[in-house]
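Chemist: Before I ask anything, here is the structure I am working with.
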Amino acid sequence: MNGAPFDLACELLTQSLVVWRVAGKVERTADGAIAIAGKKDIRIEPAPEGSMFRWLVTIDGRQRRALSALAVLRQVREALDPDHATGRVRFAVAPLVP
């Protein structure tokens with residue numbers, strides 16, 4: 001993944017750190033990955049061609065896979081702000097409440 005989508009991912013991560021009030025600096029590396037310098041060593045790169053995953057997220061040397069940008073954000077938030085209380089959103093098909 002090159003170009004505009006990857007630049008947008010960098011901007012999304014940069015703005016997410018601001019909103020989360022978490023210290024860190026997002027930058028592109030020479031090999032095209034995204035690095036986040038902060039409390040943890042975080043590297044985000046596209047998954048290899050043909051993989052069912054879209055991203056590889058490496059946090060302090062431990063690599064995990066992510067299906068979506070949302071999964072990447074969740075992993076980064078958990079790494080940089082472990083005290084954050086996560087929440088889940090559930091959708092159900094049901095009639096509207098009057």
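Read-outs: derived from the displayed coordinates by stated rules, not from any lab. Just so you know, these numbers come straight off a predicted model, no measurement behind them. Note that we place each Cβ from the backbone using ideal geometry, even for glycine, and neighbour counts take in every protein chain shown.
Chemist: One-quarter of the Cα convex hull surface for the chain, in nm²?
Modeler: 8.8
Chemist: Using +1 on the beta carbon of Lys and Arg, -1 on that of Asp and Glu, and nothing else charged, what's the dipole of the chain about the Cα centre, debye to 20?
Modeler: Roughly 360 debye for the chain.
Chemist: I've got another one for you. Using +1 at the C-beta of Lys and Arg and -1 at the C-beta of Asp and Glu, which of Thr14, Ile44, Val93 has the Cα lying farthest in the positive direction of the dipole of the chain?
Modeler: Val93
Chemist: If the only charges are +1 at each Lys and Arg Cβ and -1 at each Asp and Glu Cβ, what is the size of the charge dipole of region 4-60 around the Cα centre, to the nearest 20 debye?
Modeler: In debye, rounded to 20, region 4-60 gives about 280.
Chemist: To the nearest 10 degrees, how steeply does helix 4-20 sit against the main Cα axis of the chain, on a 0 to 90 scale?
Modeler: Result, in degrees: 70.
Chemist: Stretched out fully, how many nm does the piece from Ala37 to Arg65 gain, at 0.36 nm a residue minus the Cα gap?
Modeler: 8.1 nm
Chemist: Could you point to the residue in Ala79, Gly61, Gly32 farthest towards the positive end of the chain's charge dipole, with +1 and -1 charges on the Cβ of Lys/Arg and Asp/Glu respectively?
Modeler: Final value for the positive-end residue is Ala79.
Chemist: Moving on. Which loop-located GluC sites (Glu not before Pro) does region 1-76 contain, where loop means any DSSP state but H, G, I, E or B and the Cβ has at most 16 other Cβ atoms within 10 Å?
Modeler: Sparse-neighbourhood loop GluC sites (Glu not before Pro): Glu49.
Chemist: Oh, and also: So between Leu12 and Lys25, what do we pick up on full extension, going 0.36 nm a residue minus the alpha carbon distance?
Modeler: My answer for the length gained is 3.5 nm.
Chemist: Could you calculate the FRET efficiency of Thr58 with Ala94 from 1/(1 + (r/R0)^6), where r is the beta carbon distance between them and R0 is 41 Å, rounded to 0.05?
Modeler: That gives a FRET efficiency of 0.50.
Chemist: Where is the GNM fluctuation largest for the chain (alpha-carbon springs, 10 angstrom cutoff): Val18, Val26, Val76?
Modeler: Residue with maximal mean-square fluctuation among Val18, Val26, Val76: Val18.
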